[in-house]
Amino acid sequence: MAEKKISPNLSESKRSFFKRFYWRDYVVYITFIIVFITFSATLAQSGFLSSNNLLNIMRQSAIISVMAVAMTFVLATAEIDLSVGSVAGLASVVTAMVIGKFGLVPGILGGLCTGLLVGFINGTLVTRIGIPSFLVTLGMQGITTGAAMWVTNTAPIPISNSTYVYVFGSGNFGPIPSLVFWTVIALVIGHVVLRSTPYGRQALATGGNEVAARYSGINTKRIKLYTFIIMSTVASLAGMLYAGRMQSGRYQWGQGDELSVIAAVVLGGTSMFGGKGTIIGTIIGAILIGLINNGLILMGLSASQQMIVRGAIIILAVALTGRKVQN
Amino acid sequence: MSSAIISMEGITKSFNNITVLNDVDFELREGEIHALLGENGAGKSTLMKILRGVYQPDHGKMIVQGKSYDRFNSPNEARAAGISMVFQEFSLVPTLTVAQNIFLTREIKNRFGLLDDKECERRTKVFFDELEVDIDPQAVVSQLSTGYRQLTEITAALSQEARILIFDEPTASLTQTESLSLFRLMRRLKEKGISMIYISHRMEEIFKIADRITVLRDGRRISTDEISNLTIQKVIENILGRKAEAIDSRELVSTVQQDQVLLEVKNLKCNRGVKDISFQLHRGEVIGLAGLMGSGRTELMQAIFGINPIKEGDILVKGKSIKVKTPEESMKSDIALIPEDRRVQGLILDHSIRDNFILPMIQLKRLANRNIFVDYRRGNDLAEYYVKTLKIRSDSIEKMVRFLSGGNQQKVVIAKWLSTKPEILLMDEPTAGVDIGTKSEILNIIRDLAKQGKGVVFISSELQELIAVCDRVIVIKNGQVDQVLNRYDIPGEERLHQILQGAGNSG
């Protein structure tokens, strides 16, 4: 234990340059550039650099990006939410069903309220009863998937409202695909909230040291409750984007996304232990995952090979970013 | 005269061209307790880290137990040479028993190759008996008090044949009684020929226990001398490099406005620690809370600040009864708390000075920009201002507080709360573990606040500090007010000590 604590000091004099540069914070950008250049060089023939393919990458990473923005806040407060993928699935189903029965606006509201409700339950169980978020949201993953399967008898619910489909995922705003538009909205709002609002600063403080945050007057339980509500609501939005893109609601939309979302956030330099994170890093992390997926497909790797390479790259990058500063 | 077990000669060490140690000699004799003193940043911890193999010196050599070394390349090399450190932050596994900790990684196995807890416990008992330490080897470490943990840790070091122990502020988190049993153990070790280096800011302790004192200042050795040739005054002068403003000789001009009650606590009762406490704090007054650890001092402050839930009783600020269920409510009534443990309760160590500093102001919505955003520009200006006025030593307000010295960290906590312009400031051990210069600055801040008409409640385990700055001292015993002493009735430090101990024994 003693050695572990003090070893970073050993290199203090030798590595002062790197220390000042805080290069770990930039691993995601460096990795991004390296991967991009490698793919550009090797996959140019396969059309990697075509504007169509690049837009495709953006489109494919959009939904993960949107959820990853909210997940940055969850990890920054030193909590975790494993239910996001399933919540997205449930919200897609609810939206599709409500649109079918009551029309566009109730459908959108219904989808968002699904997230609001789930987030409220998650947050309340974590902050009031004190169950670790890992367990609460793992349970909620089952509950929401089960609920979505139950109400639909596991069948997809088609959406015929063309406005909805256009705005949420399938259309374009000018030259920009609507999915990319939603990503940019999430990026801008998330960045401003984290950097410049009291809530953002207090979320980071809560994750950095909950006791000290409480002694500074911060209602850390309220901050965490808000964070869970935001997370699930944004996950619902993600589900609605799936629904728009697929023109249907189905319990499978978003399933398993929690892993890509968390990987994107951690790749982006947010600490799993809380107290540290940036939205820009998160978005780059999400696009990096999309980039890798795309490149591996263009290389002609089989699905199984893709999974192996993807897993290895994520572990490598997280290993480079993940170590906590110690004194 | 006993011979030297360690001699470090001409030790020089620089970081980034800044010389931290300059040609320092240090000698430890066999069976000696040698106090190493100096302000934060004087080079004590660097010197010790060189001795422990954490840092390597640029020049100089070390002779340890007769063998000459240019350097220790790792803590393991130093340990093999017989040097052990008693950590301020404890290095025991809390869920294991005392015996399991002492034999951690060297567990004794029976003939089937399985762990033999019984034998470990028996041998642990032998160690404890030899040192006259009364700890149950089967006890789980997490259930031991801090003092017992420390004794366990020392025993663990000795069981590995350590001949040289380094103590860094060992009494910082111990109660009076625990400190006394630590000193008893140290004397016993001395008889057995163990040599000890003792780092502490507490002068009285040093004069009780040490044989010799070495003072470092600005990376140079200023003096090494037998304790019998020294006085506290002289040592402080050596540490500071100037005549010290003696703590208890400072002139105290009372600024109490008797007709203005700022804070009144009436029959306060909590589930934790506080049984029945009433007192009044006036404008311009400094009240000291004296009492042993566990007497309810800290719990009282936490109750007033909304952290320790109140069961019965009233708190009135400027005559108005307030309900404090959270720190936020307390802050809105202009109360601030400098908590006991700055690293856990006071600061987010991985955040910058600025980001720590602005938290209370954000909570009070005093740094708002267009009602939605944090006004970081003003936050920066205020942080710069307080860093300057409180003389916080740091190259930038963006620096992580983890990398500041203890005294500077404490000043960040103080700055963070002064920025809220509190009328009532509760300070729980603000001078613990900070160097003499900073201590004196903190005491000056307290008196300045009183002069400005604020009220301060001050906890310190160092009684001379209480006597030096308080208008009244309230002795707390067993969650109740035992007695209230006016400044001019305070019978001197020794007597106050006896009152406290008496309060402790009967409580």
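What follows draws every value from the coordinates through simple rules; no lab data is involved. Note that the coordinates shown come from a computational prediction; the quantities given were computed from them, not determined experimentally. Note that each Cβ is placed from the backbone with ideal geometry, even for glycine, and that neighbours are counted across all protein chains shown.
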Dipole of region B:393-507, positive end: most advanced residue of B:Ile467, B:Pro422, B:Gly437 [Cβ charges, Cα centre] = B:Pro422
ask   = Can you give the calculated 222 nm mean residue ellipticity of the protein assembly as shown, where each DSSP H run of n ≥ 4 adds -39,500 (n - 2.57) and the sum is split over every residue, rounded to the nearest 500 deg cm²/dmol?
value = -15000 deg cm²/dmol
task = Take a quick pass over region B:4-241 and tell me how many lysine pairs come in under 27 angstrom between Cα atoms, counting only ones 8 or more apart or on separate chains.
result = 26
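Too long at a 22 Å Cα-Cα cut-off: which of B:Lys275/B:Lys332; B:Lys266/B:Lys365; A:Lys224/B:Lys365; A:Lys221/A:Lys276; A:Lys224/A:Lys276?
Violating the 22 Å Cα-Cα cut-off are B:Lys275/B:Lys332; B:Lys266/B:Lys365.
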remark   = Rounded to two decimals, the Rg over Rh value of region B:217-346 from Cα coordinates and the Kirkwood Rh reads 1.14
inquiry  = Tell me the Rg and the Dmax, in Å, that the Cα atoms of chain A produce.
reply    = 20.4, 68
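If you take each beta carbon of peptide B:340-346 and count the beta carbons of other chains within 10 angstrom, what is the mean?
On the way: counts 0, 3, 1, 2, 4, 7, 5.
Counting other chains' Cβ atoms within 10 Å and averaging over B:340-346 gives 3.
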inquiry  = Please check: in the Gaussian network model of chain A (C-alpha springs, under 10 Å), which one of A:Gly85, A:Gly142, A:Gly47 has the largest mean-square fluctuation.
reply    = A:Gly47
key: the protein assembly as shown, Rg to Rh (Cα coordinates; Rh as Kirkwood inverse mean 1/r)   = 1.02
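Packing-wise, with mean Cβ within 10 Å as the measure, how do B:191-197, A:50-56, A:197-203 rank, highest first?
On the way: B:191-197: 18.1, A:50-56: 12.1, A:197-203: 22.6.
Final packing ranking: A:197-203, B:191-197, A:50-56.
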query = Just from the alpha-carbon atoms, what are the Rg and Dmax of chain B in angstroms?
reply = 24.5, 79
Relative contact order computed over chain B (Cα-Cα under 8 Å; 6+ residues apart), in percent = 15 percent
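Packing-wise, with mean Cβ within 10 Å as the measure, how do B:312-323, B:464-475, B:24-35 rank, highest first?
On the way: B:312-323: 14.3, B:464-475: 21.8, B:24-35: 20.1.
Highest to lowest by the protection proxy: B:464-475, B:24-35, B:312-323.
Can you compute the charge dipole magnitude of region A:57-321 about its Cα centre, using +1 on each Lys and Arg Cβ and -1 on each Asp and Glu Cβ, nothing else charged? Give it in debye, rounded to the nearest 20. Could the numbers behind the result be given before it?
Values: 13 positive and 5 negative charges, 68 e Å.
So the magnitude is around 320 debye.
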query = Peptide A:197-210: average number of partner chain Cβ atoms within 10 Å per residue?
reply = 5
ask   = Among A:235-248, B:325-338, how do they line up from the highest to the lowest mean number of other beta-carbon atoms within 10 Å?
value = A:235-248, B:325-338
query = Relative contact order of region B:230-377: what whole-number percent is it, with Cα pairs under 8 angstrom and at least 6 residues apart?
reply = 17 percent
Dipole-positive endmost among B:Leu180, B:Ser159, B:Val256 within region B:157-257 (Cβ charges, Cα centre) = B:Ser159
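Hey, could you get me the Stokes-Einstein D for region B:136-206, Kirkwood radius over alpha-carbon pairs, 25 °C and 0.890 mPa s, rounded to whole µm² s⁻¹? Before the final figure, lay out the partial values.
On the way: Rh = 12.9 Å.
So the translational diffusion coefficient is about 191 µm²/s.
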ask   = If you average over every viewing direction, what projected area does the convex hull of the Cα atoms of region B:370-482 give, in nm²?
value = 9.4 nm²
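How large is the charge dipole for chain B, taken about the Cα centre, if only the Cβ atoms of Lys, Arg (+1) and Asp, Glu (-1) carry charge, to the nearest 20 debye? List each step's numbers first, then the result.
Details: 69 positive and 69 negative charges, 230 e Å.
Using Cβ point charges on Lys, Arg, Asp and Glu, chain B gives about 1100 debye.
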ask   = Across region B:370-379, in residue order, what do the Karplus-derived ³J(HN,Hα) couplings come to in whole Hz, using 6.51 cos²θ - 1.76 cosθ + 1.60 with θ = phi - 60° and x for Gly and Pro?
value = 6, 6, 10, 9, 8, 7, 5, 5, 5, x
For region A:57-321, with +1 on Lys and Arg beta carbons and -1 on Asp and Glu, the positive-most of A:Asn209, A:Gly146, A:Val261 along the dipole = A:Asn209
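Under a point-charge model restricted to the Cβ atoms of Lys and Arg (+1) and Asp and Glu (-1), what is the dipole moment magnitude of the protein assembly as shown relative to its Cα centre, in debye to the nearest 20?
Details: 91 positive and 77 negative charges, 437 e Å.
It works out to roughly 2100 debye.
Using a 10 Å cut-off on Cβ to Cβ distances, tally the other chain neighbours for every residue of B:352-360 and report the average as a whole number.
Values: counts 0, 0, 0, 5, 5, 0, 4, 10, 4.
Partner Cβ neighbours, averaged per residue: 3.
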inquiry  = What does DSSP give for chain B in terms of the percent of beta bridges that are antiparallel, rounded to the nearest 5?
reply    = 60 percent
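Quick one: plug the Kirkwood hydrodynamic radius of region A:178-272 (C-alpha pairs) into Stokes-Einstein at 10 °C, 1.306 mPa s, and report D in µm²/s.
Translational diffusion coefficient: 105 µm²/s.
Report the convex hull volume per residue for region B:342-421, counting only C-alpha atoms, in Å³. Could you put the intermediate results ahead of the total?
Details: hull volume 6.7 nm³, N = 80.
Spelled out: Cα convex hull of region B:342-421, divided by residues, is 83 Å³.
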